[in-house]
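Peer 1: Got a structure for you, questions after.
The values are calculated or read from the model by the stated rules, or taken from the named source; none is laboratory data. Note that the structure is predicted; figures quoted are calculated from it, not measured. Cβ placement follows ideal geometry from the backbone for every residue including glycine, while neighbour counts extend to all protein chains displayed.
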Amino acid sequence: MELPLDHFRLLGISPVASAEQVLRTLQQRLERLPSEGFTAEALESRAELLRSSADLLCDSDRREDYERLLTELSAHDEDALPALEVASNHEVGALILLMEAGQAAEAFEGARRALQPPQAPALGSGRELDLSLLSALASRQAADERRRDRRFEAAAQVLQQGIQLLQRMGQQQQQREELEADLQSLLPFRILDLLSRDLNDRQNRDFGQELLQSLVQRRGGLDGEEDLHFPQEAFQSFFQQIRGFLTVQEQIDLFQCWSEAGSVTAEFLSAYALTASGFAQRKPERIESALHRLEQLQDVGVEPEMACLHLLLGHTRQAESCFQRGSDEALKEWARQQGQDPLAGLCVYCCDWLERQVLPCYRDLDADPDLEAYFSDRDVQAFIERDDRRRRREVEPSAAAITEFEVLPTPSEPTSLEELLQTPYEDGEQEIDEQERSSARERATALLSELQVEAGARWSQASMQWSQISSELPYLLRRTTNRQRAIAAGSVLALALLGGLGLNNTIASRGSSPSMPTPDQLLLPEATEPFDLDTPLAKRAASDLAAANSAAETRALLQQWLSAKANLLDGKGSAEALDGLAVPALVQNATAARASDAVAGRRRSVNATIEELELVDADPERRVARTRLSYAEEVLSDDGKLINSDGPRTLENTYIFHKHGDGWQLADFRPTAP
């Protein structure tokens, strides 16, 4: 057989090693035996090959001839690899040395070929035992090499081949169980590897989702804890990481599947995914479906989320009611501070909820929580108008009795406008006097005219306010923060819904006052996640730019990205600090790198500072910066032991920024071409 090694690599020495170093290395290799289990014949074959290489390299004439042959081979073909001819009776020893030289994948392939007919060894022979053990060890070592390179699916494939080979041979039961355990521990990383592939790579992505399904099933469902090797806390962290690699439709399909199996968590997450899809793609019917799902979970305290969904569907009264029922006193007080209009606080809360919890978790969504843009969409407006008409048709006349609004003289008179106009009567009843009928019609006509005049006046007033606000809005938006913009958008939204789309509610609200809640309504559920009043609503928005195309501003943004990313990789920061500084794909890459290090029990201490920055291209929508960075990195274990280091050295990169809202965002970077 041909062994793809030269004498230097076989011994594990440098080409410039002296004869004394050769002999010392030989002695060390002979004393350091491979894994227990190989036969004496295999170990002796390995030792003979080591001695043969050492003898050649210690003979100056033979070594000189050999080095000349290597030089000629390299000069003739730069890609040519030296190889050694090994007798067939030394095959096992040669493959052991190949594995020890760091070529475990090649050693595994050699062992697998040797176990195939026609050269397959006799059943139960020592050669069969050696080759089976070698294939197990080599497949495991090859998988570890791929795992270190983050090629998790490739590592899994090598392990599967090793397991299948041992199963066929009926050998090495303990080794096979260890390979199976390694394969099982690799499952989360395989899922991450496959789901992070390009969206066009459907085959691998679909396979990744199949593995995710099997992992969840092994746990006993999304809420289960049956997998003792993967505790709930670790699973939750892993699941949060992979969500960023799934599209919104993929998440909808997965969550709906798991919710049908009885998972409350999946039901909740499916509502979030439907909301994200409906808001970003301007499909309110999906938001309506999300609301129906949350309505089944009211006993777990989801009223604030339901309030946001009612708001997005134009149900302003239901939104206010849910928000009041589900909010604690601190949140209610904060909402009152946002403005006199009750909807102002709800609009700000809804924007923040969309930005922090709903929109960031999907690979194919990059939407801003802009309520003004959402309600300006024609499809959204058409849906709300259709829904408004449908809701009016579903209301029974008795449910909208005019007596509720104190416009009739006595309760004995007809109880609806339709009755006033038509004056119905039953057979056998005394016929109504013509004069009384005329009087009823006159009262009804006068009432209708009065209500129409009032409604028209309110609509005119709302239209004037809308005209004034819409004319001032561009100027106001340039001067306000995102939180203030949301309040402005909330006020505009309230005018549009209550004045325009809610014109039909003018009659229904005339002279009404809030009804007293029942005692059970006062028992508010626990509020959801505390609302951070100090954090600005829009993390991605930059401050007003002092000067367009400013190199200093670009430098500050880039240094902020480098520092935030370094903190994340060192385990001191969170991915939230990166949000808005770069496109989601770059944030997800950094998050995935940190996740992989955390699972491996390590962290990275990175020091990256900008030495020089030059804007080589800049326009209102795009900036290209050529930079020189001082870079140093240390890979440390969780207990602080140094594993590896790089630098300090200089990096020359080109960074591309694009306009994002009122600020700038890192879109891509690459090494600067020489």
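Yes or no, residue by residue, for (1) free of Cβ contacts under 8 Å to residues at least 40 places away in the same chain; (2) under 26 Å from Ile163 (Cα atoms); (3) out of contact with any His (no Cβ under 7 Å at 6 or more places or on another chain):
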residue: Leu26; (1), (2), (3): yes, no, yes
residue: Glu36; (1), (2), (3): yes, yes, yes
residue: Ser45; (1), (2), (3): no, no, no
residue: Leu49; (1), (2), (3): no, no, no
residue: Arg63; (1), (2), (3): yes, no, yes
residue: Glu67; (1), (2), (3): no, no, yes
residue: Ser74; (1), (2), (3): yes, no, yes
residue: Asp79; (1), (2), (3): yes, no, yes
residue: Glu109; (1), (2), (3): yes, yes, yes
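Peer 1: Considering region 297-306 alone, what residues qualify as being at pLDDT 85 or above and either out of contact with any Gly (no Cβ under 7 Å at 6 or more places or on another chain) or not assigned by TED's automatic domain parsing to the domain that holds Pro342 (or both)?
Peer 2: First, the residues of region 297-306 that are at pLDDT 85 or above: 302-306.
Answer for region 297-306, where residues must be at pLDDT 85 or above and either out of contact with any Gly (no Cβ under 7 Å at 6 or more places or on another chain) or not assigned by TED's automatic domain parsing to the domain that holds Pro342 (or both): Val302, Glu305, Met306.
Peer 1: With respect to Gly647, determine if the residue is of a type outside the set (A, V, I, L, M), over 17 Å from Arg150 (Cβ atoms) and not in a strand (DSSP E or B).
Peer 2: Details: of a type outside the set (A, V, I, L, M): yes; over 17 Å from Arg150 (Cβ atoms): yes; not in a strand (DSSP E or B): no.
For Gly647, the condition - of a type outside the set (A, V, I, L, M), over 17 Å from Arg150 (Cβ atoms) and not in a strand (DSSP E or B) - is not met.
Peer 1: Something else: Please work out which one of (1) on the phi > 0 side of the Ramachandran plot; (2) surrounded by 15 or more Cβ atoms within 10 Å (Cβ to Cβ) is the condition Ser196 fails and give its number.
Peer 2: Condition not satisfied by Ser196: (1).
Peer 1: Looking at (1) at pLDDT below 90; (2) touching an Asp or Glu at 6+ places or on another chain (Cβ under 8 Å), which one does Ala330 not meet, given that it meets all the others?
Peer 2: Every condition holds for Ala330 apart from (2).
Peer 1: Which of the residues belonging to region 213-248 are in contact with a Lys or Arg (Cβ under 9 Å, 6 or more places away or on another chain) and under 18 Å from Ala261 (Cβ atoms)?
Peer 2: The answer is Gly224, Glu225, Glu226, Asp227, Gln232, Phe235.
Peer 1: Considering region 63-95 alone, what residues qualify as being of a type in the set (Val, Ile, Thr), part of a helix (DSSP H, G or I) and within 18 Å of Phe8 (Cβ to Cβ)?
Peer 2: Thr71
Peer 1: A follow-up question, please. Mind telling me which of the residues Phe255, Phe238, Phe230 ends up being of a type in the set (Phe, Trp, Tyr), under 27 Å from Ser214 (Cα atoms) and out of contact with any helix residue (DSSP H, G or I) (no Cβ under 6 Å at 6 or more places or on another chain)? Walk me through how you get there before you give the answer.
Peer 2: Values: Phe255 fails: out of contact with any helix residue (DSSP H, G or I) (no Cβ under 6 Å at 6 or more places or on another chain); Phe238 fails: out of contact with any helix residue (DSSP H, G or I) (no Cβ under 6 Å at 6 or more places or on another chain).
The match here is Phe230.
Peer 1: Just one of the numbered conditions (1) small (Gly, Ala, Ser); (2) surrounded by 18 or more Cβ atoms within 10 Å (Cβ to Cβ); (3) under 30 Å from Gln172 (Cα atoms) is not true of Ala47; which one?
Peer 2: (2)
Peer 1: Right, here's the next one. Please enumerate the residues belonging to region 2-44 that are surrounded by fewer than 14 Cβ atoms within 10 Å (Cβ to Cβ), within 21 Å of Leu69 (Cβ to Cβ) and among the aliphatic types (A, V, I, L, M).
Peer 2: Correct list: Val16, Ala19.
Peer 1: From Gln161, Gln171, grab the single residue that is assigned by TED's automatic domain parsing to the domain that holds Glu36, in a loop (DSSP other than H, G, I, E, B) and in contact (Cβ under 8 Å) with a residue 24 or more places away in the chain. Walk me through it before giving the result.
Peer 2: On the way: Gln161 fails: in a loop (DSSP other than H, G, I, E, B).
Among Gln161, Gln171, only Gln171 is assigned by TED's automatic domain parsing to the domain that holds Glu36, in a loop (DSSP other than H, G, I, E, B) and in contact (Cβ under 8 Å) with a residue 24 or more places away in the chain.
Peer 1: Tell me which helices (runs of 4 or more DSSP H) are completely within region 499-610 and hold 1 or more residues being at pLDDT 90 or above and over 30 Å from Asp149 (Cα atoms), or say none if there are none.
Peer 2: Numbers: elements: 505-508, 551-569, 584-600.
Of the helices (runs of 4 or more DSSP H) lying wholly inside region 499-610, those with at least 1 residues that are at pLDDT 90 or above and over 30 Å from Asp149 (Cα atoms) span 551-569.
Peer 1: Filter region 88-124 down to the residues that are surrounded by fewer than 20 Cβ atoms within 10 Å (Cβ to Cβ), of a type in the set (Gly, Ala, Ser) and at pLDDT 90 or above and list them by number.
Peer 2: Ala101, Gly102, Ala105 - these are the residues of region 88-124 that are surrounded by fewer than 20 Cβ atoms within 10 Å (Cβ to Cβ), of a type in the set (Gly, Ala, Ser) and at pLDDT 90 or above.
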